[in-house]
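Take a look at the structure below.
The values are calculated or read from the model by the stated rules, or taken from the named source; none is laboratory data. All of these numbers come straight from a predicted model, not from anything done at the bench. Positions of Cβ are generated from backbone atoms using ideal geometry, with glycine treated the same way; all protein chains shown enter the neighbour counts. Calculation scope for accessible area: heavy atoms of the full protein, side chains included, ligands and nucleic acids excluded. Shrake-Rupley method; radii C 1.70, N 1.55, O 1.52, S 1.80 Å.
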There are 2 protein chains.
Amino acid sequence: MNHDGPIGIFDSGIGGLTVVRAIHTALPDEATIYLGDTARVPYGPKSPATVQRYATEILAWLLAQRVKAVVVACNTATAHALDLLREQAPVPVIGVIDPGARAAAAATRNGGIGVIGTAGTVASGAYRRALLALRPELRVIEQACPLFVPLVEEGWFGHPATRLAAEEYLAAVRLGDVDTLVLGCTHYPLLAPLLAEVMGPDVTLIDSARETALELTAVLDRAGLRAPAGGGTPRHRWAATDDVERFAMVGSVFTGEALASVELVDLTHE
Amino acid sequence: MNHDGPIGIFDSGIGGLTVVRAIHTALPDEATIYLGDTARVPYGPKSPATVQRYATEILAWLLAQRVKAVVVACNTATAHALDLLREQAPVPVIGVIDPGARAAAAATRNGGIGVIGTAGTVASGAYRRALLALRPELRVIEQACPLFVPLVEEGWFGHPATRLAAEEYLAAVRLGDVDTLVLGCTHYPLLAPLLAEVMGPDVTLIDSARETALELTAVLDRAGLRAPAGGGTPRHRWAATDDVERFAMVGSVFTGEALASVELVDLTHE
């Protein structure tokens, strides 16, 4: 068993850093390596075949870094490519959809669950399928919120424009008598305080990033892959496929820490 | 002279369709072919080298379609790649920056010009350079408006959230005593009514799409490349590098016409 390898985490851009933050909290002894495919962000509007090709290229790069587990910290890539990556990878591969769906199915009392995400995630129906596979009687209301990602990347977490957008996007969800809302995009945890206000105190917010970190912990424990505690401060590597300066700048907002050096990775070999 | 070839127009995505609309209005006898690089949109946050590589690939594809002129209907690609494309192309290549800059320099009475665009366009300083080359005494205030593109693509042209964003982005520009505002992104003409309201009646809006179509007309006339009038309805082709369905849907908003069939083009040959 390769206890020493880092955990590989990837996303189309910087959103997956909320997952990294949750992993650092849940697993403080684990080294991590994060790749943001900023040259090809966003994945949301792209076709499943394109996203699968990108994800396969990233998996190969992460495996070359000798990762012991892979976290697909991107809802679109999870929806389109998780099964394919699991076929290809000799290490555990964890997506962000199943952990969030399980937490939501366990949390709801009235059986009504809202799911918000990018256009691509919602169109894929991945959360609906995952939820109904767990509990077929659930009522699931999905809503695409395409403006949330750019609003978060602008840093407008509590801006009046963000509130207006949230009120418009969530209107149908609120009418649907849901008591649980899945934040089905890795950017959205940064909007959690605003979304909680808009949804009201009776609705439980499910943070996919946090749930994915808990799932990773369980998977590492089951496989005997946890790094031993007390091994010193683990190393964290950051990589992006384009514009590492912007990645470092916006990324520090997401992780709550300054990102040391960001490596530039060329996946296209051109 | 190849009077019969179409005019090739490209953009990182669908924004350049505002330029196509302006070209169809100014040059109703000309056939056009539009390529939206939707697989790799947006160009704004990408590095100059990456944008140059993309633009070179697109130029090769357009030349293979036997275009008689090329319009770079993308501010980021114009800022980073226009000179390079002009070196490589055996046909006239027209960007969106110089025509807008010339119109703004001619329109201002008090010498104060605001320029709004994507983060990439503003960071490039391309409009500032073009304006100061024309009239060194001009005062230029540039402002990145990263949310305008997603707001336009959501169709929120007059939405209260869009107005709030516009008021915030334009606050510094309004304080700068400008009487002319350059819409330095091909998406922005669709926000023109809202932007005119926010800026007030004393500010002239410069629509780069319209100015580029007028520049193209002049270039074709000088080169003797105009299609003869009365040659029947010209053919218009539409192409995208990914998700042609979404392209057709959002594109119809931009052009004001239903886009017939959209061709899928693979520039990466993978």
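Sorted from closest to farthest, the other copies place their B:R139 label points 5.9 nm away, with each point set 7 Å from Cα along Cα→Cβ. Restricting the trypsin sites (Lys or Arg not before Pro) of segment B:22-81 to loop positions (DSSP other than H, G, I, E, B) with no more than 16 neighbouring Cβ atoms within 10 Å leaves B:R66. Across segment B:16-148, the volume of the C-alpha convex hull divided among the residues equals 119 Å³ per residue. Both the radius of gyration and Dmax for the protein assembly as shown are 24.4, 82 Å, in that order, over alpha-carbon atoms.
Only loop residues by DSSP count here, and only those with at most 14 other Cβ atoms within 10 Å; note down the GluC sites (Glu not before Pro) in segment A:125-167 that meet that.
A:E137
Here B:L63 yields copy-to-copy label distances, from shortest upward, of 3.9 nm, the label point defined as 7 Å from Cα along Cα to C-beta. For A:L259, the residues whose modelled amide H falls within less than 5 Å of its own, excluding neighbours fewer than 5 places apart on the same chain, are A:S252.
Output needed for chain A: three equivalent-ellipsoid semi-axes, defined as square roots of 5 times the C-alpha gyration tensor eigenvalues, in descending order, whole Å.
Equivalent ellipsoid semi-axes, largest first: 29, 21, 18 Å.
Normalised by 2.2 N^0.38 Å, where N is the number of residues, the alpha-carbon radius of gyration of segment A:55-118 equals 1.32. Debye-formula intensities of segment B:75-148, expressed as log10 I(q)/I(0) at q = 0.21 Å⁻¹, are -0.91 (one equal scatterer per alpha-carbon, no solvent). For B:G230, the distances from its label point to the matching points in the remaining copies are 9.5 nm, ordered from shortest, with each point set 7 Å beyond Cα toward Cβ.
Our Cα-only numbers for segment A:202-270 put the radius of gyration and Dmax at 16.4, 52 Å. Between A:D202 and A:A218, the contour length at 0.36 nm per residue exceeds the Cα-Cα span by 2.8 nm.
With a cut-off of 14 Å between beta carbons, the residues surrounding B:P90 carry a summed charge of +2, where Lys and Arg count +1 and Asp and Glu -1.
A DSSP coil position with no more than 13 other Cβ atoms inside 10 Å describes the following GluC sites (Glu not before Pro) in segment A:224-268: A:E257. Cross-link partners of A:K46 among lysines, defined as those whose alpha carbon lies under 22 angstrom from its own and excluding same-chain residues fewer than eight positions apart: B:K46.
A cut-off under 12 angstrom between Cβ atoms defines the neighbours of B:V173, and their net charge, with Lys, Arg +1 and Asp, Glu -1, is -3.
Note on segment A:193-240: Rg/Rh from C-alpha atoms, Kirkwood Rh, equals 1.17.
On segment A:97-208, 56 percent of the accessible area sits on carbon and sulfur atoms, based on a 1.4 Å probe. Going from the chain on its own to the full set of protein chains, segment A:140-175 has these residues losing 20 Å² or more of accessible surface (heavy atoms, 1.4 Å probe, no ligands, DNA or RNA): A:P146, A:L147, A:P150, A:E154, A:W156, A:H159, A:A161, A:L164, A:E168, A:Y169. Principal axis extents of the Cα atoms in segment B:1-66, from largest to smallest and rounded to whole angstrom, are 37, 24, 17.
Over all pairs of different C-alpha atoms, segment B:111-270 has a mean inverse distance whose reciprocal, the Kirkwood radius, equals 18.0 Å. Each principal axis of the Cα cloud of segment A:118-208 was evaluated for its coordinate range; sorted largest first, these ranges are 38, 27, 20 Å.
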